[in-house]
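Asks: Sharing a structure with you now.
The values are calculated or read from the model by the stated rules, or taken from the named source; none is laboratory data. Remember, predicted model here, so these are calculated numbers, not experimental data. Using ideal geometry, Cβ is built from the backbone for each residue, glycine included, and neighbour counts are taken over all protein chains shown.
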Amino acid sequence: MAKKNKSDKDALVYSTSKDTMAGLFAGLNVTNDDTLEMAKAKDDVVRVWIDRKRRGGKAAVIIKGIRGTNLQLTELAKFLKSKCGVGGAAKDGEIIIQGSQRDKVMKLLQEKGYTDVKASGGG
């Protein structure tokens, strides 16, 4: 049996200490304002279309062109899913909303501040 290093025993496994947590997240500059405030540049073109050919033959709204981290896309997807009352996911830089909800999704995105939202393909 291999001998364990002393440094393994000293490793922090779990702590709720505010000092420890502050030290772990000291390099991150995350504020509550950053959660849903993605890069909303005027040159971003957000494409929203209905896909009826994939996903088990059921309609799905696919949203592409939104810049942001995976966490930000997931939060935006959660917001859209709750407002539309359907399921969906955020993966591979796109948001998928179940059902034929394109017009509602476009309206919600415009209310969120995305100025260049365009319907593409499908009907």
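Asks: Testing ALA119 on (1) modelled with pLDDT under 90; (2) over 16 Å from ARG52 (Cα atoms), one condition comes back false. Which one is that?
Replies: Answer for ALA119: the failing condition is (2).
Asks: Scan segment 70-123 for residues that are closer than 15 Å to VAL46 by Cβ, surrounded by fewer than 17 Cβ atoms within 10 Å (Cβ to Cβ) and without any contact (Cβ under 8 Å) to a residue 40 or more places away in the chain and jot them down.
Replies: The answer is GLY93, GLU94, ASP103, LYS107, GLN110, GLU111.
Asks: Let me ask you something else. Quick check on my filter: what residues within segment 64-102 are part of a helix (DSSP H, G or I), touching a strand residue (DSSP E or B) at 6+ places or on another chain (Cβ under 8 Å) and acidic (Asp, Glu)?
Replies: Once the filter is applied, which keeps residues that are part of a helix (DSSP H, G or I), touching a strand residue (DSSP E or B) at 6+ places or on another chain (Cβ under 8 Å) and acidic (Asp, Glu), segment 64-102 yields nothing.
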